Every structure is written in structure tokens, then in C-alpha cells.
Amino acid sequence: MNLLVLIRANLHRRPTRTYLTLFSVLVAFLLFTILRTMAVWFEGAGGGAGADRLVITAKYSIIELLPISQRRQIEGIDGVEAITHLTWFGGNYQDPRNFFPKFPVEPRAYFDMYAELAIDPAQLDAFANTRTGAVASLDMMEDYGWKIGDKIPIDADIYPMRDGNRLWEFDLVGAYGSKTDESVQSALLFHYDFFDEARAYGQGGVGWWTVRIDAPDRAPEIASVIDAQFENSMNPTKTATEDEFFRAFAAQVGDIGLMANGILGAVFFSILLLTANTMRQALVERVPELGVLKTLGFSNAKVALLVLGESVTLCVLGGVLGVGLTWLAAPQLSAFMEAANIGALVISGSTIGLGIGGAALLGVVVGAQPAWYANRLPIAEALRRS
């Protein structure tokens with residue numbers, strides 16, 4: 001008799017128990033796929049960073065402002081080709097759930113630094129020449145229904161205006177996209193000069209510097225020179241590649257990998273106990289039948305393989321369904337994340353393979369002891385239990 005037919009029949013012996021166990025395994029691997037994908041995203045934060053760009057922040061905390069007077073000293077360092085700055089603004093657009101980054105920038109210097117961004121020259125001119133001007137990504141224009149000429153109100157949570165008013169209004173004068181097919185970080189960019197004049201405190205300060213260097217392989221050398229320049233000043237710095245900066249910025253959320261592993265560890269321990277109990281109950285109920293199979297000529301190894309096959313089939317089927325459902329839901333999850341300007345959710349082939357491989361391993365671990373017992377079970381003892 002075909003083993004697959006027997007495995008299928010045995011799994012349907014107690015359909016309610018089987019399907020509840022299958023659902024539990026499905027949920028476990030659905031969580032695994034989502035959490036593992038999120039962890040991979042955070043580990044790879046900044047993957048699209050420029051190899052020839054360095055980011056200079058305050059040495060002890062990224063929230064400390066750096067004086068704009070540092071520009072001349074940084075520009076004079078050998079290997080530095082261009083420089084600009086950004087400052088985290090915070091604030092909300094209409095509703096706190098409408099989150100997106102907002103930065104006061106130097107219009108021309110910013111788009112010169114990030115040459116991968118595409119903006120109409122006329123719109124860049126308007127941005128540079130309009131005191132209250134702002135530009136947004138094309139994705140944001142579509143998401144929020146904005147159009148050129150709109151006024152964008154932002155309710156400040158960090159920087160009130162000099163008169164105490166927290167409502168900043170910006171004139172949308174342009175939109176930018178990518179020169180390639182790759183997505184860009186969506187942000188509202190507005191004029192630093194206007195921001196610096198109008199804010200209640202922090203005049204003459206910037207959040208961090210971004211510099212372009214002449215050779216990516218000189219990054220450690222140039223970073224050391226920059227930090228040495230300000231080591232004994234009132235504003236010491238910490239310089240890193242743009243990739244390292246984004247990773248550190250993402251790490252402020254917490255060790256996503258550690259949190260994901262902790263959650264998954266608890267889930268899989270519970271699933272291990274649940275599935276092991278299911279297989280134990282199924283084995284106890286079928287001991288006499290195993291004796292009959294051995295009497296009919298099934299070898300000990302074949303009976304053990306039958307028991308192990310049930311466990312592996314149950315776990316692999318649950319794993320495939322869990323990973324598959326996550327993959328099917330990925331476009332909706334990705335749209336939600338992109339709307340929150342977190343980034344696209346991309347389930348990699350390695351995550352899918354790891355999930356299915358983990359399901360098979362779980363099946364082997366759960367089924368090993370029952371299979372070993374079935375292998376050593378004497379026919380006489382099995383038949384006595386009938």
C-alpha cells in the first residue's frame with residue numbers, strides 16, 4: 001500500500017484535531033515570514049546609500065545640533081568634494097497617522113548631492129527662489145492628492161515659530177522622483193533659510209552634514225580627519241558612511257532582529273509542544289494498527305517512516321500555507337508600509353526557503369520520538385492493546 005495514501009488517511013482520522021494543529025503551524029510560519037522580512041529590512045537599512053557619501057553627526061547624540069559654521073572647515077578637508085546639511089523637523093500633516101519625513105534643506109546643494117533624484121530644473125529654480133517653497137516626492141503627491149501650488153500645513157512638534165505659532169505653511173512648488181526605476185525615500189523638503197529665520201530656537205544649527213568624497217575607498221581616512229578636526233571643539237563629531245548612518249538610525253527603534261527572534265522562539269516552542277502532543281495522541285490511538293501493519297509485512301523502518309511522514313507532512317503543509325499567505329498578502333502589506341514611508345516589504349527567496357526548511361525540520365523534530373517508538377514496537381505488544 002502506498003505510504004502517501006496511509007499518511008493522508010491517518011491525518012484525516014481526527015480532522016478537527018489535525019486542522020487545528022495545521023492552523024497553528026500556519027500562523028507560526030506566517031509570523032515567521034513577516035517578522036523575518038522586517039528584520040532583514042532593518043538589517044539592510046540604507047542599502048541604497050551612496051558609496052561616496054559620508055554623514056557627520058554630533059558625537060554623543062544625533063538629536064544635538066551642529067553649528068553651521070563648521071561648513072568652511074569641512075569643505076577645506078582634502079577629499080571632500082561637496083557638502084550639504086539636513087535637519088529633522090518632525091511635525092504632522094493633518095493627522096499624526098500621516099507620517100513622513102520632513103527636512104529643511106539647501107535646495108540646490110541638496111539635489112546636487114543626491115544626483116540620483118530627478119526634478120524639473122524650473123521647479124528647482126522655484127524651490128530655490130521661493131522663501132516658503134517646498135517640494136515632495138511623486139509618491140507623496142499621489143498619496144495625498146497634492147498638486148503644484150498647494151499650501152501644505154504642518155503642525156510642528158519640535159520647532160514652533162518665533163511667535164509661538166506651531167502651524168507652518170509651505171508652498172508646494174515642485175515634485176521629485178528617481179532617475180532610475182528604484183524607489184526613493186519620500187520626504188517633504190523645504191527651504192532651510194526660511195526655517196532658520198522663523199523657528200523659535202536653534203538658529204544657526206543643523207541636524208547633520210552630508211559630504212561627497214572623491215573616492216569611496218578613502219571613506220575611513222576622510223572620516224577620521226573630519227572627526228579629528230572637531231575633537232577638541234565644543235561640537236565634536238562622529239562621521240560614518242551613509243549606509244552606516246541609516247543602519248544606526250534604524251537601530252534607534254531597537255534591535256529588531258533580537259525582538260523578532262524572541263517572539264519567534266516563544267511561538268515555535270509553543271508550536272513544538274502542541275504538535276508533539278498531537279503526534280503522541282495519534283500514535284497512542286493507532287498502536288494496534290501499527291502491529292497489524294507489521295503483521296502484514298511492513299518493516300519496522302517503513303512503519304517508522306509512516307509515522308515520521310505524518311509529522312513532516314503536517315508541518316510542511318502548515319509552513320507552506322503560512323509562507324504562501326504572507327507572500328500573497330505582501331502587496332497589501334507593502335502598500336501600507338510605503339504609505340507610512342517605512343519602505344517596501346519584499347519577501348526574499350531566502351526567507352521563503354528558510355521558512356519551508358524550518359517547517360520540515362520542525363516536522364522531523366516532532367516526529368522523531370514517535371517514529372523511534374514505532375520502529376521498536378513489538379508486534380505482540382501492539383496487538384495486545386487492541
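The values are calculated or read from the model by the stated rules, or taken from the named source; none is laboratory data. The structure presented is a predicted model; accordingly, all values stated were derived computationally and were not measured. Neighbour counts are summed over all protein chains in view; Cβ atoms, including those assigned to glycine, are modelled from backbone coordinates with ideal geometry.
Tabulated values for the structure
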| item | result |
| --- | --- |
| Per-region count, the stretch 132-155, residues in a strand (DSSP E or B) and free of Cβ contacts under 8 Å to residues at least 40 places away in the same chain | 1 |
| Count of the stretch 132-147 residues which are under 18 Å from Pro107 (Cα atoms), surrounded by fewer than 19 Cβ atoms within 10 Å (Cβ to Cβ) and modelled with pLDDT under 95 | 1 |
| Subset of the stretch 102-131 that is part of a loop (DSSP other than H, G, I, E, B) and out of contact with any Gly (no Cβ under 9 Å at 6 or more places or on another chain) - its residue that is surrounded by the fewest Cβ atoms within 10 Å (Cβ to Cβ) | Arg131 |
| Members of the stretch 206-249 that are more than 15 Å from Gln70 (Cα to Cα) and among the charged types (D, E, K, R) | Arg212, Asp214, Asp217, Arg218, Glu221, Glu242, Asp243, Glu244, Arg247 |
| Count - residues of the stretch 161-204 that are in contact with a strand residue (DSSP E or B) (Cβ under 8 Å, 6 or more places away or on another chain) and not in a helix (DSSP H, G or I) | 27 |
| Test result for Ala82, modelled with pLDDT of 90 or more and surrounded by 17 or more Cβ atoms within 10 Å (Cβ to Cβ) | no |
| Test: residue in the stretch 149-157 that is buried (at least 20 other Cβ atoms within 10 Å of the Cβ) and within 20 Å of Ile83 (Cα to Cα) | no |
| Residue satisfying condition, being under 24 Å from Tyr19 (Cα atoms), surrounded by fewer than 20 Cβ atoms within 10 Å (Cβ to Cβ) and either at pLDDT below 75 or of a type in the set (S, T, N, Q) (or both), within set Leu273, Leu264, Leu258, Leu325 | Leu264 |
| Subset of the stretch 76-113 [of a type in the set (Phe, Trp, Tyr) and under 22 Å from Asp196 (Cα atoms)] | Trp88, Phe89, Tyr93, Phe100, Phe103, Tyr110, Phe111 |
| Flag for Arg97 being farther than 11 Å from Gly174 by Cβ and within 23 Å of the chain's Cα centre (by Cα) | yes |
| Residue satisfying all of: in the stretch 285-299; out of contact with any helix residue (DSSP H, G or I) (no Cβ under 7 Å at 6 or more places or on another chain) and outside any loop (DSSP other than H, G, I, E, B); farthest from Pro370 (Cα to Cα) among these | Val292 |
| Failed item in (1) part of a loop (DSSP other than H, G, I, E, B); (2) over 29 Å from the mean Cα position of the chain (by Cα); (3) touching a residue at least 40 places away in the same chain (Cβ under 8 Å), with Asn232 passing the rest | (3) |
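Matching residues to (1) in the same structural domain as Ala128 (by TED's automatic domain parsing); (2) aromatic (Phe, Trp, Tyr); (3) over 28 Å from Gln123 (Cβ atoms); (4) in contact with a helix residue (DSSP H, G or I) (Cβ under 7 Å, 6 or more places away or on another chain):
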residue	(1), (2), (3), (4)
Gly149	yes, no, no, no
Ile154	yes, no, no, no
Met161	yes, no, no, yes
Leu189	yes, no, no, yes
Phe195	yes, yes, no, no
Glu221	yes, no, yes, no
Gln229	yes, no, yes, yes
Met234	yes, no, yes, no
